Amino acid sequence: MKGAVFFSSKYGSTAQYAQWIAQATSLPAYNIDETRVSLSDFDFLVLGSPVIYFKPTFHRWVKRNLVDLLDRPAVFFSVSGAGAGPKLDGWLSDSLPASFMSHVSHVALCGRQDPKELTRFDRTMLIIAGLFNRDRKAAKDEMRGFDQMDRSSIGPIVKKIRALQAP
């Protein structure tokens with residue numbers, strides 16, 4: 001089966017994961033903001049997005065392309081500082097169509113956030129969020145930054161892709 005990686009990235013973590021996945025699987029990778037490649041050219045899709053302000057940055061793109069996305073198998077990876085769990089699951093289910101979430105196989109990956117690279121607005125919002133966050137370690141990470149990027153964490157995604165590529 002012919003597949004491709006489609007991703008959205010704001011500060012580079014998701015783009016890095018998309019490139020690692022593409023390298024490990026020999027799939028082409030496309031930034032959805034820079035390409036007009038048709039989803040219908042592929043038998044399966046790998047979709048990646050950072051989660052910023054409690055929603056994946058590609059939530060509007062998903063809604064615009066929902067019919068094509070539901071027409072083929074898809075693996076979805078999200079990248080955030082939250083990691084896998086009920087908090088992230090809630091954010092995704094609140095911002096993406098239920099039909100999409102029930103259709104895709106989701107893998108949560110941890111990202112990177114360097115306060116020096118953020119826009120002034122994003123930095124300010126993270127400071128505010130950190131002040132109100134009851135989880136003090138997460139609050140510290142929000143204000144000081146973190147790097148939880150891990151190339152080996154793409155393993156489950158690569159395994160799912162290999163199963164889709166199998167004859």
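Selection within the range 16-26: residues that are among the hydroxyl-bearing types (Ser, Thr, Tyr) and part of a helix (DSSP H, G or I). The member of this set that is farthest from PHE76 (Cα to Cα) is THR25.
Filtered by the rule that a residue be modelled with pLDDT of 95 or more and over 28 Å from ALA24 (Cα atoms), the range 68-104 gives SER93, ASP94, SER95, PRO97, ALA98, SER99.
Annotation note: Cβ proximity below 8 Å between a residue of the range 85-104 that is touching a residue at least 12 places away in the same chain (Cβ under 8 Å) and a residue that is of a type in the set (D, E, K, R) and in a helix (DSSP H, G or I) (sequence gap 6+ or interchain) occurs for PRO97/LYS63.
Residues checked against (1) closer than 30 Å to LYS2 by Cα; (2) surrounded by fewer than 18 Cβ atoms within 10 Å (Cβ to Cβ); (3) not acidic (Asp, Glu):
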site: LEU70; (1), (2), (3): yes, yes, yes
site: PHE76; (1), (2), (3): yes, no, yes
site: TRP91; (1), (2), (3): no, no, yes
site: VAL104; (1), (2), (3): yes, no, yes
site: GLN113; (1), (2), (3): no, no, yes
site: GLY145; (1), (2), (3): no, yes, yes
site: SER153; (1), (2), (3): yes, yes, yes
site: PRO156; (1), (2), (3): yes, yes, yes
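Restricting the range 115-156 to residues that are under 20 Å from LYS10 (Cβ atoms) and of a type in the set (S, T, N, Q), which is farthest from the chain's Cα centre (by Cα)? Filtering first and then ranking leaves THR124. When the range 27-72 is filtered for residues that are in contact (Cβ under 8 Å) with a residue 24 or more places away in the chain, basic (Lys, Arg) and part of a helix (DSSP H, G or I), only LYS63 remains.
The values are calculated or read from the model by the stated rules, or taken from the named source; none is laboratory data. Here the structure is a predicted model, which means the values were calculated and not measured. We place every Cβ from the backbone using ideal geometry, glycine too, and count neighbours over all the protein chains shown.
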